[in-house]
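Engineer: Let me begin by handing over the structure; questions about it come next.
The values are calculated or read from the model by the stated rules, or taken from the named source; none is laboratory data. All figures in this text were calculated on a predicted structure; none of them were measured in a lab. FYI the Cβ positions are ideal-geometry reconstructions off the backbone, even for glycines, and counts take in every protein chain you see. What goes into the accessible areas is simple: the full protein's heavy atoms, side chains included, and nothing from ligands, DNA or RNA. Shrake-Rupley method; radii C 1.70, N 1.55, O 1.52, S 1.80 Å.
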There are 2 protein chains.
Amino acid sequence: MKNLANISFSGERFWTHFLAFSNIGALSQGGVERPFGSKEDLEARLYLQNACRAIGLEVQVDPIGNLWAVMPGTEKLSMIAVGSHHDSVPQGGRFDGALGVLTSLETLHALKEGGYKNRHPLALVSFTAEEPNPFNLSTMGSRTVAGRLTKDSLIRSRDWNGRPLQEAILAVGGNLELVEQARKTSNDLGAFLELHIEQGKRLERAQKPLAVVTGICGIHRLDVTVIGEANHAGTTMLADRHDAFLAASEIALAFEKSLLDEHRDDLVGTIGRFEIFPNAANIIPGSARFIVEIRASTVELMHRIASLFQKKAQAIAKRRGVQFNADVILDQAPEEMDKFLIAALEDVSTKLQIPYDRLFSMAGHDATHMASFTKAGMLFVPSIDGKSHCQDEESRFEDIVLAGQVMVDAIIQMDQTLDNNS
Amino acid sequence: MKNLANISFSGERFWTHFLAFSNIGALSQGGVERPFGSKEDLEARLYLQNACRAIGLEVQVDPIGNLWAVMPGTEKLSMIAVGSHHDSVPQGGRFDGALGVLTSLETLHALKEGGYKNRHPLALVSFTAEEPNPFNLSTMGSRTVAGRLTKDSLIRSRDWNGRPLQEAILAVGGNLELVEQARKTSNDLGAFLELHIEQGKRLERAQKPLAVVTGICGIHRLDVTVIGEANHAGTTMLADRHDAFLAASEIALAFEKSLLDEHRDDLVGTIGRFEIFPNAANIIPGSARFIVEIRASTVELMHRIASLFQKKAQAIAKRRGVQFNADVILDQAPEEMDKFLIAALEDVSTKLQIPYDRLFSMAGHDATHMASFTKAGMLFVPSIDGKSHCQDEESRFEDIVLAGQVMVDAIIQMDQTLDNNS
C-alpha cells in the first residue's frame with residue numbers, strides 16, 4: 001500500500017489483534033459486551049497492557065484508570081496521543097472504541113518497526129468508561145483528563161445498586177483520592193488523534209472510505225417529570241382525568257415536531273429513556289419520568305430547541321392539568337476539531353490519494369473533551385448500513401487499513417511540524 | 001343502630017380488624033401494596049385464616065388459592081357467599097377489596113354471635129389475584145371458579161420475567177394441576193354478595209351513603225407491541241428513524257381521541273402499563289410494549305372501539321415504518337346483577353331507612369364472574385373525592401357501618417327466601 005515515509009500500517013497485524021480482542025465479552029450474534037467495571041473490562045485492559053509492553057511501550061494507568069502506553073521522544077516536547085476507548089454499550093458491536101485503540105496500537109508498532117525517531121513522546125491512550133454506564137458518567141476518563149469532573153462528584157458517585165465508583169476505579173488500577181493528578185494541560189498533551197467508526201450512513205451514501213471530522217455536536221439532556229393524578233381506570237370519567245402518560249405522549253410528539261420543523265442535518269433529539277408510574281393496566285398513570293436529549297452543532301441551536309421544548313411542554317401540561325418539570329442534567333458544548341490537525345489529516349489523505357469527506361460528528365467522543373484544552377482531531381471509517389451500538393455493527397477491512405495509514409503518516413507530519421515545548 | 005333481626009353489624013370490631021389488616025404491606029402515605037404472589041399477599045392470607053378460625057369458620061383453600069371460610073347450614077342447600085379480594089394494586093389504597101372481605105368477616109361474626117341459625121351454608125370468600133398482576137390475569141380466582149380460565153392456559157402462564165404461575169399458586173396453597181376442582185356451579189354456590197368501594201364520584205355527587213349495583217361493565221384488554229429500530233441517538237438522522245416510542249405516543253393519542261369522540265359516560269379507556277426497550281438515554285427506542293384497556297356498558301361498544309383503535313394504530317405504524325401487533329388478553333362481557341338480589345338489597349335498605357342510589361359499575365369486580373353462573377349482587381359505599389387505586393383512597397366509617405348492616409340483613413333475607421336445593 002502507498003505510504004509517505006516508507007512506514008506501512010499492517011492490516012494483517014491489526015486484524016489479528018482485533019479478532020483476539022473481539023473475543024473479550026463476545027456475544028452470540030457477533031457483538032461484544034464490555035461495560036465499564038465488568039470482568040470483560042478488566043480482561044480488555046490486561047490484553048492491551050500486554051500488547052503494548054510486547055512492542056516496548058511504557059504502560060501507565062492514571063488515577064481514573066485511563067491506560068497510557070508511551071513511546072518516549074528524542075526532544076523535550078509535549079506528548080502526542082492516539083487512542084479511543086475499549087468499553088462497550090450493552091449488546092454492542094466490536095468496532096465502537098476498540099477500533100481506535102487497536103489501530104493506534106498498530107500505528108505505534110509500525111512507527112517502531114520502521115525505526116521512526118519521534119521528536120515528541122507518542123502515546124496510545126484507552127480511556128475509562130466512555131459509554132453510558134451504571135454510574136451515569138459517560139466519557140468519564142476523558143472528562144477527568146480535561147478537568148471537567150470534580151474529585152468530589154466522582155467520590156460521591158454510586159451506581160443504581162449503591163456501589164461506590166471508587167470500588168470500580170480501584171479495581172481497574174486507579175484511585176479517586178489521587179484523581180486530580182489525572183488532569184492534563186496542553187503542555188502535557190500537545191495533540192490527540194482518534195480514529196472511530198462513523199456510526200451513521202453519511203459516508204456510505206457519499207461512497208467515501210474516510211472522513212476528516214470537523215467538529216463534535218453538543219449534547220443537552222433534560223430529566224423530565226410529568227405529574228398527573230393516579231386514579232381508577234374504570235370509575236374515573238374521561239373528563240375527570242389527569243393522565244401523565246397521555247400528557248407525556250403529547251409532549252414527546254411536540255418535541256419531535258420542533259426538531260422536524262428545523263429541517264436540518266446537524267440537529268437530532270431523542271427520548272430514549274421513559275417510565276410511567278405506578279405502571280399497572282387498570283390505573284391511570286399518575287406520573288411519567290423521561291430523559292430528553294438534544295444534539296446540535298451549535299450551542300445556540302441546542303438551547304433554542306431546549307427552550308422551545310419547555311415552552312410547548314408547559315402549555316400542554318397546563319391544558320391537561322398536570323405539572324411539568326425539567327432539570328438540565330447535561331449541557332455539553334459542541335467542540336470544533338483543531339484546524340491544524342484537520343489540515344494535516346486532509347493533506348495526508350490527499351497525498352495518499354484517498355478520497356475523503358468532511359463530517360461533523362453527531363456522536364459524542366472522548367475527542368470532545370480533549371478538544372476543550374488541546375489540539376484534537378478525528379478520522380471516521382464508514383459503518384456498514386450505518387448501524388452502531390448493536391451487534392450488527394460492521395466496518396470494512398479495506399477502509400480501516402486506509403484510515404490506519406492516514407493515521408501513521410499524519411502522526412509523522414504532526415511530530416515533525418508541531419513544536420510547542422513541554 | 002337500627003337492624004331488622006336483632007343482629008347488629010359491629011363497626012368497632014370491623015374497624016379493629018381493618019386497621020390491623022391495613023398494616024400488611026402498609027406504605028408511607030397511608031396506602032398498601034399487596035400484589036398477588038408477594039410476601040404481603042401471603043401475610044394477608046394468614047391473617048384472614050386466623051381471623052376466620054377464631055370465630056369458628058372452617059377454612060379451605062381451593063386449587064387456585066381462593067380462601068373459603070364456611071359456616072355450615074342447617075339444611076342441605078347451596079352455599080351463599082360474601083366476600084371480595086385481599087390483594088391490591090401497586091401503591092394502592094386500604095379499602096379496595098379489603099373492605100369487602102373484612103365487612104364479610106364481621107357479617108358472619110355478627111350472625112354467629114347473634115345465634116342466627118342459617119339454613120344455607122354461609123361462606124366468606126377472598127379471591128386470588130383480583131387486581132392486574134405480572135401474570136396478566138386479573139380476577140384470576142373468580143374467573144377460575146366461573147370456569148372462564150382453562151387449566152392449560154393457567155399452566156402455560158408466566159410473568160414477564162418467565163416465572164411460571166404454578167410457582168406462585170403453590171406458594172399460596174393452591175395447585176394448578178387440580179384447578180378444575182375450583183370450578184363451581186349454581187348448585188354449589190347459590191348466591192354471592194360483594195360489598196366494595198365505589199371508586200368514583202357519583203355517590204358523593206348524589207349525596208347518598210350507599211348504592212345497589214345494577215350491572216358491571218365489560219373489560220377488553222390488548223397486549224400491544226410496537227417494533228421499530230434501535231439505533232444510535234446521535235448519528236441516526238431524524239428521517240432515518242423508526243422510533244417505537246414516538247409511534248406508541250401517537251397511537252396512544254389516537255386512542256384517546258377515539259374515546260373522547262364518543263361523548264359517553266359508559267365508555268372509558270386507559271393505557272396504564274407502558275415500557276420501552278432498551279430504555280437508554282442515547283439509544284432510539286427499538287420497541288414499546290403496553291396494555292390498552294377499554295371498558296364499556298355493552299359488548300358492541302367495547303368491540304367497536306377496539307376495532308377502531310387497531311385500525312388507527314395500524315395506519316400510524318405503517319406511516320412510521322414500525323410494526324404493530326395487538327393480542328387480546330381479556331374480553332370480559334358486561335354482566336347484570338341478579339334481579340332477586342337487587343330487590344333484596346333495596347328492600348333491606350328501605351326498611352333500614354338508608355338512602356341509596358342505583359349504579360352501573362365501571363370497575364370490574366369478582367362479582368362479574370360470579371354473575372356469569374349464579375345470582376350475584378353488589379353494594380357500593382362512597383369513595384371520598386372518588387379516589388381509588390392510589391394511597392389517598394378513603395371511605396367514611398359511618399357509610400361502611402350502614403352498608404355492613406344492609407349486608408347482615410340482606411344475608412338473612414336471602415337465607416330465608418332462597419331455597420334452591422344443593
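Engineer: Report, in deg cm²/dmol and to the nearest 500, the calculated mean residue ellipticity at 222 nm for chain A, where each DSSP H run with n ≥ 4 adds -39500 (n - 2.57) and the sum is divided by the residue count.
Structural biologist: -11000 deg cm²/dmol
Engineer: If you wrap a convex hull around the Cα atoms of the range A:218-332, how much volume per residue is inside, in Å³?
Structural biologist: For the range A:218-332, the hull spanned by Cα atoms encloses 89 Å³ per residue.
Engineer: Now for a different question. Taking the Cα atoms only, what angle lies between the long axis of helix A:299-320 and the longest principal axis of chain A, rounded to 10 degrees?
Structural biologist: Computed tilt is about 20 degrees.
Engineer: So which GluC sites (Glu not before Pro) in the range A:312-379 end up in coil per DSSP with only 16 or fewer other C-beta atoms within 10 Å?
Structural biologist: Filter output for the range A:312-379: empty list.
Engineer: Rounded to the nearest percent, how much of the accessible area of the range B:289-413 (1.4 Å probe, protein heavy atoms only) is carbon and sulfur?
Structural biologist: The C+S portion of the solvent-accessible surface of the range B:289-413 is 51 percent.
Engineer: Mind grabbing the interface size between B and A? I mean buried accessible area, both sides, 1.4 Å probe, in Å² to the nearest hundred.
Structural biologist: So the total buried area for this chain pair works out to about 5000 Å².
Engineer: Would you rank B:Lys257, A:Lys312, B:Lys318 by solvent-accessible area, highest first, keeping every protein chain in place and using a 1.4 Å probe?
Structural biologist: Result, largest first: B:Lys318, B:Lys257, A:Lys312.
Engineer: Turning to a different aspect of this structure: Give me the Debye-computed log₁₀ of I(q)/I(0) at q = 0.19, 0.23, 0.25, 0.28 Å⁻¹ for the range A:68-136, equal point scatterers on Cα only, no solvent, two decimals.
Structural biologist: Here log10 of I(q) over I(0) equals -0.75, -0.93, -1.03, -1.18.
Engineer: Next up: As a quick test, which of the pairs B:Lys2/B:Lys112; B:Lys208/B:Lys351; A:Lys387/B:Lys312; A:Lys2/A:Lys375 have an alpha carbon distance above 21 angstrom in this structure?
Structural biologist: A:Lys387/B:Lys312; A:Lys2/A:Lys375
Engineer: Follow-up question, since we're still on this one. Note the full-extension length gain between A:Ala5 and A:Lys76 as 0.36 nm times their separation in residues minus their Cα-Cα distance, in nm to one decimal.
Structural biologist: That pair, A:Ala5 and A:Lys76, stretches by 23.2 nm at full extension.
Engineer: Would you please give the residues with an amide H less than 5 Å from that of A:His242, counting only those at least 5 places away or on a separate chain, with H modeled from the backbone geometry?
Structural biologist: The answer is A:Glu229.
Engineer: Checking the cross-link filter: which aspartates and glutamates have an alpha carbon closer than 13 Å to that of B:Lys76, excluding same-chain neighbours under 8 positions apart?
Structural biologist: B:Lys76 reaches B:Asp188, B:Asp415, B:Asp419.
Engineer: Sort shortest first the distances from B:Gln29 to its counterpart in every other copy, using label points 7 Å along the Cα-to-beta-carbon line, and give them in nm.
Structural biologist: 3.9
Engineer: Once the Cα atoms of helix B:39-54 and of chain B are each reduced to a long axis, what angle between those two axes, in degrees from 0 to 90 to the nearest 10, is obtained?
Structural biologist: 10
Engineer: Follow-up. Tell me the net charge near B:Val328. Cut-off is 10 Å between Cβ atoms, B:Val328 excluded, with +1 for each Lys or Arg and -1 for each Asp or Glu.
Structural biologist: Neighbourhood net charge equals -2.
Engineer: Relative to the first principal axis of the alpha-carbon coordinates of chain B, what is the inclination of helix B:11-22, with its axis defined by its Cα atoms, in degrees from 0 to 90 and to the nearest 10?
Structural biologist: Around 30 degrees separate the two axes.
Engineer: Here is a further query. Per residue of B:131-140, count partner chain C-beta atoms within 10 Å of its C-beta, then hand back the mean as an integer.
Structural biologist: The per-residue average across the peptide is 2.
Engineer: Based on a Kirkwood Rh over C-alpha pairs, give the Stokes-Einstein translational diffusion coefficient of chain B at 37 °C and viscosity 0.692 mPa s in µm²/s.
Structural biologist: 146
Engineer: Further, regarding this structure: Can you list, shortest first in nanometers, how far B:Ala333 lies from the same residue in the other copies, with each label 7 Å from Cα toward Cβ?
Structural biologist: 7.0
Engineer: Let me ask you something else. Using modelled backbone amide H atoms (1.01 Å from N, in-plane), which distant-in-sequence or interchain residues come within less than 5 Å of B:Arg158's amide H?
Structural biologist: Amide H neighbours of B:Arg158, under 5 Å, 5+ apart: B:Leu165.
Engineer: Quick check: convex hull of the Cα atoms in the protein assembly as shown, volume per residue, rounded to a whole Å³?
Structural biologist: Roughly 156 Å³ of hull volume per residue.
Engineer: When all alpha-carbon pairs of the range B:1-143 are counted, what percent fall beyond 22 Å?
Structural biologist: In whole percent, the long-distance tail amounts to 38.
Engineer: Search the structure for amide H atoms under 5 Å from the amide H of A:Asp331, placed 1.01 Å from N in the peptide plane, and list their residues when 5 or more places away or on another chain.
Structural biologist: Close amide H contacts, sequence-distant or interchain: A:Arg221.
Engineer: At q = 0.11 Å⁻¹, what is the base-10 log of I(q)/I(0) for the range B:149-289 according to the Debye formula with one equal point scatterer per Cα and no solvent? Please give it to two decimals.
Structural biologist: -0.80
Engineer: Just the number, please: Stokes-Einstein D of the range A:298-422 in µm²/s, Kirkwood Rh from C-alpha pairs, 4 °C, 1.567 mPa s.
Structural biologist: 71
Engineer: Run the reach check for A:Lys318 against aspartates and glutamates, Cα to Cα strictly under 16 Å, same-chain hits fewer than 8 apart removed. What comes back?
Structural biologist: Within the straight-line limit of under 16 Å, A:Lys318 reaches these aspartates and glutamates: A:Glu229, A:Asp240, A:Asp243, A:Glu250.
Engineer: Return the sequence-ordered ³J(HN,Hα) values of the range B:58-73 in whole Hz as given by the Karplus equation 6.51 cos²θ - 1.76 cosθ + 1.60 applied to θ = phi - 60°, using x for Gly and Pro.
Structural biologist: Per-residue couplings from phi come out as 8, 8, 10, 10, 8, x, 9, x, 5, 9, 10, 10, 10, 10, x, x Hz.
Engineer: Enter the mean number of other protein chain beta carbons within 10 Å of the beta carbon of each residue in A:281-293, as an integer.
Structural biologist: For peptide A:281-293, the averaged partner shielding equals 6.
Engineer: Follow-up. Under 11 Å from the Cβ of B:Ile276, count the other residues' Cβ atoms, weight Lys and Arg +1, Asp and Glu -1, and hand me the total.
Structural biologist: For residues surrounding B:Ile276, the net value is -1.
Engineer: Once phi is turned into ³J(HN,Hα) by the Karplus curve 6.51 cos²θ - 1.76 cosθ + 1.60 with θ = phi - 60°, what whole-Hz value does each residue of the range A:285-293 show in order, with x for glycine and proline?
Structural biologist: With coefficients 6.51, -1.76 and 1.60, one gets x, x, 8, 9, 9, 7, 9, 9, 10 Hz.
Engineer: Given a cut-off of under 8 Å on Cα pairs at least six residues apart, what relative contact order in percent is computed for chain B?
Structural biologist: Rounded, it is 23 percent for chain B.
Engineer: At a probe radius of 1.4 Å, what is the per-residue accessible area of B:Arg158, in Å² to the nearest 10?
Structural biologist: Surface accessible to solvent at B:Arg158 totals approximately 140 Å².
Engineer: Also, quick follow-up: If you add up the charges near A:Thr368, with Lys and Arg at +1 and Asp and Glu at -1, over every other residue whose beta carbon is less than 12 angstrom from its beta carbon, what do you get?
Structural biologist: Within the 12 Å Cβ shell, the charges total -2.
Engineer: Name the lysines eligible as straight-distance cross-link partners of A:Lys151: C-alpha to C-alpha under 19 Å, and not fewer than 8 places from it in the same chain.
Structural biologist: A:Lys184
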